[in-house]
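Peer 1: My questions will all concern the structure given below.
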Amino acid sequence: LPLFERLERRIVDGERNGLEDDLTEAMQTTPPLAIINDTLLSGMKTVGDLFGSGQMQLPFVLQSAEVMKAAVAFLEPHMESTGDEGKGRIVLATVKGDVHDIGKNLVDIILSNNGYEVINLGIKQPIATILEAAVDKRADVIGMSGLLVKSTVVMKENLEELNARGVAEQFPVLLGGAALTRSYVENDLAEIYEGKVSYARDAFEGLALMDRVMA
Ligand code: B1M
């Protein structure tokens, strides 16, 4: 297979052997972020489709995710950084009950490379922990990720909890993840949250929204 098809295939097949060599070769013509966005994520999408239609079993999805993570970890040091610092601080977490973190970690990388300090709490984080970190670290923004449909409900409950604790105006919230839709966030959730809540389709929109909040 040609190089980029082979790389995409590696994600789908969960094949790690030779991954670094292929990535090194790909970087000779293509920036790391473009490799992720145009090639690797397209492989992850195929994995999601195969799993969703019952053609792939969970352990294989996990293997694909491992290869994806290894690829991102390998590419990360080669990514461009603006060299900016101190543009703002965000506490970032995958919500309670949800283990998906590849997207969240991409958001971390993009924000970190563009001057933001990211406090990445990891997966399955209850709102109490997220809020504690946000207060403690004096975060400017709270970012929550979740891929499961049930995570969209958790996010709603989390916003209600921030309202109840009287901190909604202090913390603008950025939400992302495959199960969310723009209209759910911008209509339904914006209606209940007493602070500002925004939806980011991908990490770059997350960056643009951070820039807007901090302007
Ligand atoms: Co899961 N899983 N999974 N899974 N998995 C999905 C989400 C699913 C859609 C697959 C499917 O059925 N087609 C489905 C959810 C269905 C639903 O809720 N209706 C699903 C399921 C069902 C499950 C389990 C329940 C399976 C089971 O156990 N029976 C289980 C859940 C466990 C749990 O969470 N409690 C499970 C487990 C797993 C693995 C562990 C095997 C693995 C995760 C490994 C890991 O993350 N460390 C996994 C994977 C890999 C997937 C799919 C295939 C790929 C997800 C991914 O990494 N995409 C996924 C299919 C899909 O999403 N279509 C699926 C790439 C990633 C870059 O995209 O995270 O969307 P994403 O991030 C994007 C944007 O959304 C955005 O930016 C990123 C791109 O720039 N973004 C943000 C994300 N967060 C953001 C935050 C922001 C801003 C932007 O600001 C704060």
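Nothing in this text is a laboratory measurement; each read-out follows from the coordinates by a stated rule. Values in this document were obtained by computation on a predicted structure and should not be read as measured data. Here the Cβ is made from the backbone with ideal geometry for all residues, glycine too, and neighbour counts use every protein chain on show.
Peer 1: So which of Met68, Met155, Met44 ends up being part of a helix (DSSP H, G or I), touching a Gly at 6+ places or on another chain (Cβ under 7 Å) and either loosely packed, with under 15 Cβ neighbours inside 10 Å or not hydroxyl-bearing (Ser, Thr, Tyr) (or both)?
Peer 2: Matching residue, one of Met68, Met155, Met44: Met155.
Peer 1: Examine segment 130-141 for a residue that is touching a residue at least 60 places away in the same chain (Cβ under 8 Å) and either aliphatic (A, V, I, L, M) or within 30 Å of Met68 (Cβ to Cβ) (or both), and state whether such a residue exists.
Peer 2: Yes, segment 130-141 contains at least one residue that is touching a residue at least 60 places away in the same chain (Cβ under 8 Å) and either aliphatic (A, V, I, L, M) or within 30 Å of Met68 (Cβ to Cβ) (or both).
Peer 1: How many residues, within segment 133-172, are over 22 Å from Glu191 (Cβ atoms), over 21 Å from the mean Cα position of the chain (by Cα) and of a type in the set (Asp, Glu)?
Peer 2: 1
Peer 1: Just to verify a result, which residue in segment 105-117, among those that are within 10 Å of the ligand (Cβ to nearest atom) and free of Cβ contacts under 8 Å to residues at least 60 places away in the same chain, is farthest from Ala70 (Cα to Cα)?
Peer 2: Among those that are within 10 Å of the ligand (Cβ to nearest atom) and free of Cβ contacts under 8 Å to residues at least 60 places away in the same chain, it is Asp108.
Peer 1: For segment 172-204, which positions are in contact (Cβ under 8 Å) with a residue 40 or more places away in the chain, part of a loop (DSSP other than H, G, I, E, B) and touching a strand residue (DSSP E or B) at 6+ places or on another chain (Cβ under 7 Å)?
Peer 2: Those that are in contact (Cβ under 8 Å) with a residue 40 or more places away in the chain, part of a loop (DSSP other than H, G, I, E, B) and touching a strand residue (DSSP E or B) at 6+ places or on another chain (Cβ under 7 Å): Pro172, Gly177, Ala200.
Peer 1: Now a separate question. Could you tell me whether any residue of segment 156-168 is within 11 Å of the ligand (Cβ to nearest atom) and either more than 16 Å from Arg89 (Cα to Cα) or touching a Ser or Thr at 6+ places or on another chain (Cβ under 6 Å) (or both)?
Peer 2: Taking every residue of segment 156-168 in turn, none turns out to be within 11 Å of the ligand (Cβ to nearest atom) and either more than 16 Å from Arg89 (Cα to Cα) or touching a Ser or Thr at 6+ places or on another chain (Cβ under 6 Å) (or both).
Peer 1: Restricting to segment 47-65, give me the number of residues that are crowded, with 16+ Cβ neighbours inside 10 Å and free of Cβ contacts under 8 Å to residues at least 12 places away in the same chain.
Peer 2: 1
Peer 1: Pick from segment 71-100 the residues that are within 23 Å of Arg212 (Cβ to Cβ) and among the small types (Gly, Ala, Ser): which of them is surrounded by the most Cβ atoms within 10 Å (Cβ to Cβ)?
Peer 2: So, considering only residues that are within 23 Å of Arg212 (Cβ to Cβ) and among the small types (Gly, Ala, Ser), the one surrounded by the most Cβ atoms within 10 Å (Cβ to Cβ) is Ala93.
Peer 1: How many residues, within segment 71-102, are part of a helix (DSSP H, G or I) and within 8 Å of the ligand (Cβ to nearest atom)?
Peer 2: 1
Peer 1: Let me ask something additional. Among the residues of segment 118-152, which ones are in a helix (DSSP H, G or I), within 13 Å of the ligand (Cβ to nearest atom) and surrounded by 16 or more Cβ atoms within 10 Å (Cβ to Cβ)?
Peer 2: Once the filter is applied, which keeps residues that are in a helix (DSSP H, G or I), within 13 Å of the ligand (Cβ to nearest atom) and surrounded by 16 or more Cβ atoms within 10 Å (Cβ to Cβ), segment 118-152 yields Ile130, Ala134, Ser151, Thr152.
Peer 1: Of all residues being more than 11 Å from the ligand (Cβ to nearest atom) and under 25 Å from Asn37 (Cβ atoms) in segment 182-204, which is surrounded by the fewest Cβ atoms within 10 Å (Cβ to Cβ)? Just the residue, please.
Peer 2: The residue in question is Ser183.
Peer 1: Any chance you could count how many residues in segment 43-57 are within 19 Å of Leu3 (Cα to Cα) and more than 6 Å from the ligand (Cβ to nearest atom)?
Peer 2: Total satisfying the criteria: 3.
Peer 1: If the requirement is being more than 30 Å from Pro172 (Cα to Cα) and over 14 Å from the mean Cα position of the chain (by Cα), which of these qualifies: Arg89, Arg9?
Peer 2: Arg9
Peer 1: Might you check whether a residue that is outside any loop (DSSP other than H, G, I, E, B), aromatic (Phe, Trp, Tyr) and farther than 25 Å from Phe171 by Cβ occurs anywhere in segment 107-117?
Peer 2: Checked segment 107-117: no residue is outside any loop (DSSP other than H, G, I, E, B), aromatic (Phe, Trp, Tyr) and farther than 25 Å from Phe171 by Cβ.
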